Amino acid sequence: MNKKILIIIIPILFLLTGCYDYKELNSISILSATEINKIDDEFIVSAQAVNPQAPDKTSNAQAPFIIYTGRGKTIQEAYRSIANESSKFLYLNHIQILIINEKIAKESLDEIVDYFMRSSAIRTEFYVLIGRDDNILDIITPINDISSASIKESIENNLKYLGTTSDITFNELVSIMLDENGEIVLPSIKLINDSKEGENIENTEETKVNTKYELSNLAIFKDDKLIGYLNEEQSKNYNILQNKINNTILTYECDKDKYMSVEIIDSQSSIDVSNKKANIEVKLSGNLNEYNCSKSLENKKTIEKIEKEFEQKLTESITKNINEVRTEYNSDIFGFLDNIYKKDYKTYKTIKNNWYSSNYQSLELSVKVDLTVIAKGKVMEAINEKNQ
């Protein structure tokens, strides 16, 4: 090969195989979760890094994660201040969980979102939660293992089996914030300790062992500021209307102190707003997994009656929940205005400026629920008949 060609190729190879921000693996701390708070004018960040010295989860020798804490006037300064306690560079590219303390969420999410948007080294497919207690990540022991993986798994299991939380990624949060018709709804997380139930958990060695995290109900916003939390029923019905329910349980009283439960296995809902009326349709199907009522399930009319009772109760529940959110928070978390925007832009232009002052509150609701129940009969009845 011509020597002149070699002289040109060799420098190019060095450029192609290099990386301007390359760092040795043993010189970095890989972060899996981070938590951000703000007290007065100072940001406080907690960074959960994988502990390479932890032998395994069954050992009580060391926790599987190391928690670093930093402070600063800006978020960047707070993270950089962690260099005082760690000699390794904080590598945020693999974070799975971001917890934003409710104190800062009540002010605004703008600074936090702006920081992570500007950080080119961070992948933005991580879950975002609102922290209802301080120092959630810092309650770490080999016993309770509050890790990004366990929180992520809890979110996914809740959506799979219960439906009272949500799995909002940072990218989805940004999309909602950029949508002038959208209102933010985020999952929340809190600490629970039997000895101090209902109190803010203090970060002491005495309380750490008995403290664990719990996914709480959905946090709702207006104009990008946290204004409150839904209760469990409201959270579940919100997810039904947003088509986020994969599986959940609906339980109602059928006789005095007797209950029946339907496991919802399929849920589809639609919202159509026109002529100052929101038409909501919900179609569900599920298994009647628990039935402690007096009437026999062998009668087809009994099944039809059960369906009608569930439909009526869920219709009343959804209507009540929407009105509760409108009255208490006046936040359009259900996306009624966005529905008008997408289907009738001419009307949208005339009402958008007065939406919250008049139109939203006066919007008429029409909720229709269609439930198909798959009954399996009563096992004990079948056993008794067989023994006769």
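The values are calculated or read from the model by the stated rules, or taken from the named source; none is laboratory data. Not measured: the values here are computed from a predicted model. Heads up, the Cβs are rebuilt from the backbone with ideal geometry, glycines too, and the neighbour counts pull from every protein chain shown.
Below, the figures for the structure above:
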| quantity | calculated |
| --- | --- |
| Subset tally (residues that are in contact with a helix residue (DSSP H, G or I) (Cβ under 8 Å, 6 or more places away or on another chain) and closer than 17 Å to Leu371 by Cα) for the stretch 292-310 | 1 |
| Options Ile227, Ile249: the member that is within 20 Å of the chain's Cα centre (by Cα) and over 26 Å from Leu109 (Cβ atoms) | Ile249 |
| The one condition in (1) part of a strand (DSSP E or B); (2) free of Cβ contacts under 8 Å to residues at least 60 places away in the same chain; (3) more than 27 Å from Glu156 (Cα to Cα) that Lys301 fails to fulfil | (1) |
| Set Ile122, Ile95: member being touching a Lys or Arg at 6+ places or on another chain (Cβ under 9 Å), assigned by TED's automatic domain parsing to the domain that holds Phe65 and modelled with pLDDT under 95 | Ile95 |
| Members of the stretch 200-223 that are farther than 12 Å from Arg132 by Cβ, modelled with pLDDT under 95 and surrounded by fewer than 22 Cβ atoms within 10 Å (Cβ to Cβ) | Glu202, Asn203, Thr204, Glu205, Glu206, Thr207, Lys208, Val209, Asn210, Lys212, Asp223 |
| Check on Lys190, under 23 Å from the mean Cα position of the chain (by Cα), modelled with pLDDT of 90 or more, part of a strand (DSSP E or B) and surrounded by 14 or more Cβ atoms within 10 Å (Cβ to Cβ) | yes |
| Extreme residue, nearest to Ile39 (Cα to Cα), among residues of the stretch 69-112 that are free of Cβ contacts under 8 Å to residues at least 24 places away in the same chain and in a helix (DSSP H, G or I) | Ser81 |
| Answer from Asn239, Asn287, Asn279 - the residue that is outside any strand (DSSP E or B) and touching a residue at least 12 places away in the same chain (Cβ under 8 Å) | Asn239 |
| Inter-residue pairs, beta-carbon under 6 Å, first under 19 Å from Ser269 (Cα atoms) and in the stretch 323-350, second among the charged types (D, E, K, R), 6+ apart | Asp332/Glu183; Ile333/Glu183 |
| Meets criteria (touching a helix residue (DSSP H, G or I) at 6+ places or on another chain (Cβ under 9 Å), at pLDDT 95 or above, farther than 16 Å from Tyr360 by Cβ and not polar (S, T, N, Q)) for Ile280 | no |
| Selection status of Tyr356, surrounded by 15 or more Cβ atoms within 10 Å (Cβ to Cβ), touching a residue at least 12 places away in the same chain (Cβ under 8 Å) and either within 16 Å of Asn323 (Cβ to Cβ) or touching a strand residue (DSSP E or B) at 6+ places or on another chain (Cβ under 9 Å) (or both) | yes |
| The stretch 243-263 - residue that is touching a residue at least 60 places away in the same chain (Cβ under 8 Å) and of a type in the set (S, T, N, Q) and, of those, surrounded by the most Cβ atoms within 10 Å (Cβ to Cβ) | Thr248 |
| Positions within the stretch 282-341 being surrounded by fewer than 20 Cβ atoms within 10 Å (Cβ to Cβ) and aromatic (Phe, Trp, Tyr), in sequence order | Tyr329, Tyr341 |
| Verdict on Glu263 being in contact with a Gly (Cβ under 6 Å, 6 or more places away or on another chain) and not in a helix (DSSP H, G or I) | yes |
| Top-ranked residue in the stretch 359-381 [being loosely packed, with under 12 Cβ neighbours inside 10 Å and assigned to a helix (DSSP H, G or I); ranked as modelled with the highest pLDDT] | Ser362 |
